[in-house]
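Some notes on the structure that comes next.
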Amino acid sequence: DRRPIDPPPVIQLVEHNPLDPMSQQYTISPAYFMQVQLLDASGENVILQLKGHKATAMAGSMVSPLHPLRDTSSVHGAYFVFSDLSVRMEGSFRLRFDLFEIAG
């Protein structure tokens, strides 16, 4: 039983200094990705419902790479899109989004 999260979360990564040309490099960097986790309604505890070695509280794509896209004003931006995300339990929850950078 899947309850889709609607509308799907879209997270925009906003640059700190738009006048610095180096700060805009992140919008095309493949080194960034974002992960989502399901939290209880208070936002304090991660909900992990396990069945064997598989987490079953959520379904779908829980990790998103950075997508260089344009917004509704045709301005370039960096976005993380979670278009296929569902919760498999009834209740009230919060989502936590964690940003990672692969450094090498």
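The values are calculated or read from the model by the stated rules, or taken from the named source; none is laboratory data. Bear in mind that the values here come from a model prediction, so they are computed numbers and not experimental data. Here Cβ is always computed from backbone atoms with ideal geometry, including for glycine, and neighbour counts include all displayed protein chains. Ligands, DNA and RNA are stripped out before the accessible areas are found, and what is left, the full protein with its side chains, is counted by its heavy atoms. Shrake-Rupley method; radii C 1.70, N 1.55, O 1.52, S 1.80 Å.
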Within the set Leu38, Leu50, Leu13, GNM on the chain using Cα springs under 10 Å gives the largest fluctuation to Leu50
Applying the gyration tensor rule to the Cα atoms of the chain (axes a ≥ b ≥ c; rounded if a/c under 1.5, else prolate if a/b exceeds b/c, else oblate), the class is prolate
With the charge dipole of the chain built from beta-carbon charges (+1 for Lys and Arg, -1 for Asp and Glu) about the Cα centre, the Cα from Ala59, Asn17, Leu95 projecting farthest to the positive end belongs to Ala59
Taking Lys and Arg as +1 and Asp and Glu as -1, residues besides Ile5 with C-beta under 15 Å from its C-beta add up to +1
Summing +1 per Lys or Arg and -1 per Asp or Glu among the other residues with Cβ less than 12 Å from Arg96's Cβ gives -2
Averaged per residue, the 1.4 Å probe accessible area of segment 1-87, protein heavy atoms only, in Å², is roughly 67 Å²
Residue separation between Ala57 and Thr72 times 0.36 nm, minus their alpha-carbon distance, gives in nm 2.1 nm
Treating only Lys and Arg (+1) and Asp and Glu (-1) as charged, each at its beta carbon, one finds that the chain has a dipole about its Cα centre, in Debye to the nearest 20, of 380 debye
